[in-house]
Amino acid sequence: MAAHMLLMSTSARLRDRRVNLERRATASKAVRSSLVSLAGLVGGPVTNQAGEEVGRVADVVARLYGEESYPPVTGLILRIGRRRTFLASDAVGKVRAGHVQLRTARVDLRDFTRRPGEVLLAKDVLDHQLVDVDGVQVTRAADLYLAPLVDRVVLVGVDVSLPTLLRRLGPRRWQARPTPERVLDWQAVAPFGEEATEGPPEVRLRASRAALHRLRPADLADILEDLGRAERQQLLGWLEPEQAADALEEMEPAELENLLREAKPEHAARLVDEMEPDEAADALRDLTHEEREALLARMPKGEAAELRRLLTHREDTAGGAMTTLLITARQDESVAEVRGRLAEQAEHRTEIDAVAVVDDEDRLLCDIALFDLAVAEDATPMADLVAWRAQFGPPVTVQAGTALTEAADHLVAARASSLLVVGDGDRPIGRILADDLLDAMLPERGRLHFRRFLQ
């Protein structure tokens with residue numbers, strides 16, 4: 001039954017993805033046949049209805065950071081002699097390959113003032129970095145494509161191919177010929193342009209942010225590592241703090257260290273605060289004492305105190321690799337009650353693989369795997385699971401000061417995915433996960449998070 005539901009879920013996701021692709025503008029033959037190359041348009045003539053040349057296209061203005069899935073063109077920057085002036089889109093009649101024709105013989109030319117959300121496509125986007133959300137990679141815009149959609153001209157696609165770049169460097173007659181089969185739909189990319197608006201980042205790029213939210217943390221980590229300094233800080237500003245923190249946990253330590261140094265201290269502190277405790281402690285260890293204290297001082301006191309406790313443990317010990325995120329239960333609780341508490345911690349699912357059962361003095365009695373909880377009846381007392389597990393012997397634990405190599409031996413012998421770390425009186429103080437143990441023992445091989453492969 002579970003396998004059947006998984007297949008249905010996968011099928012539904014594939015169907016939704018196919019429907020989403022079919023709804024994209026570039027899936028329409030009419031749109032693809034009317035594509036206009038931005039590179040071919042820039043430098044081309046602008047004529048009035050009488051066929052007289054008014055000027056040359058210097059750039060195209062579009063409202064990139066708005067609600068629309070496809071950014072509408074809001075005007076043109078014209079070059080008239082030595083002057084650059086703005087022409088509003090309502091004066092534009094037809095946009096063709098390498099040529100713009102106006103609606104009237106008389107036009108209102110004005111000085112250009114950038115409005116909220118607007119960018120200059122040639123200056124701010126062409127040849128700049130962007131994220132291919134479908135291909136999950138960082139690339140550059142070799143050309144952009146415009147097309148009429150409903151009653152206006154919009155930005156519908158981007159080409160990232162080398163042949164397109166060579167075409168731009170070649171004779172002008174080549175520049176006017178787009179290659180539609182190599183165009184990525186604009187909904188599949190997240191661009192990085194000049195910041196045209198003031199105010200909070202959440203008002204910008206809503207359409208592309210929706211696509212970014214579909215990416216796995218591991219994919220976002222790869223993207224962040226490939227982006228330039230300004231672009232990745234911009235990307236972090238588009239993500240919710242929780243999603244950004246998940247991505248940071250998957251980054252290579254050196255890249256994460258650079259990212260935290262680049263970010264404003266307030267933003268970096270918030271990101272670290274959203275990370276899992278063990279991952280946050282690892283990130284802070286790589287900073288200098290002054291940098292570390294600057295971030296801790298900007299975090300809530302409780303979380304900062306917890307991280308300071310973790311940082312007291314040496315990096316090559318179980319305490320240095322453990323997470324303090326623990327789910328504990330009492331013997332008189334029912335399985336249903338414990339499951340309810342687990343559900344409240346859904347955002348930390350990758351850090352929880354078992355529940356520690358303790359007595360009234362918080363001393364460890366048993367470590368119950370999530371699978372055992374999953375197959376137990378709701379009304380089953382936790383005491384019954386403790387009694388059942390007792391036949392297999394006491395839970396394997398380590399002390400905070402236990403060397404990582406010794407902890408690894410215990411983990412292999414127990415055939416478990418994690419080990420409890422206990423303190424005075426056999427009281428649980430943390431849990432060391434298998435993937436964190438590998439990360440700590442094999443730093444030269446990069447981060448080997450099991451969840452990265454299983455997501």
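We did not get these values from a lab; they are worked out from the coordinates using the rules stated. Note that this is a predicted model, so its numbers are computed, not measured. Cβ: placed from backbone, ideal geometry, glycine included. Neighbour counts: every protein chain shown.
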Report the FRET efficiency, 1/(1 + (r/R0)^6), for residue 151 and residue 264, where r is their Cβ-Cβ distance and R0 is 51 Å, rounded to 0.05. 0.75
What translational D, rounded to a whole number of µm²/s, comes out for region 32-191 from Stokes-Einstein when the hydrodynamic radius is the Kirkwood one over Cα pairs, at 20 °C and 1.002 mPa s? 136 µm²/s
Rel. contact order, % - alpha carbon contacts under 8 angstrom, at least six apart, region 205-359: 18 percent
Might you report the magnitude of the Cβ-based charge dipole of region 328-454 about its Cα centre, with Lys and Arg at +1 and Asp and Glu at -1, to the nearest 20 debye? 540 debye
Points 7 angstrom from Cα along the Cβ direction at residue 362 and residue 128: gap in nanometres? 5.2 nm
Alpha-carbon centroid distance for the pair region 306-380 / region 53-127, whole angstrom: 59 Å
Rounded FRET efficiency, nearest 0.05, which uses the C-beta distance separating residue 293 from residue 28 and R0 of 56 Å: 0.50
Compute, for region 215-312, the length of the dipole vector about the Cα centre, with Cβ point charges of +1 (Lys, Arg) and -1 (Asp, Glu) only. Units Debye, rounded to 20. 540 debye
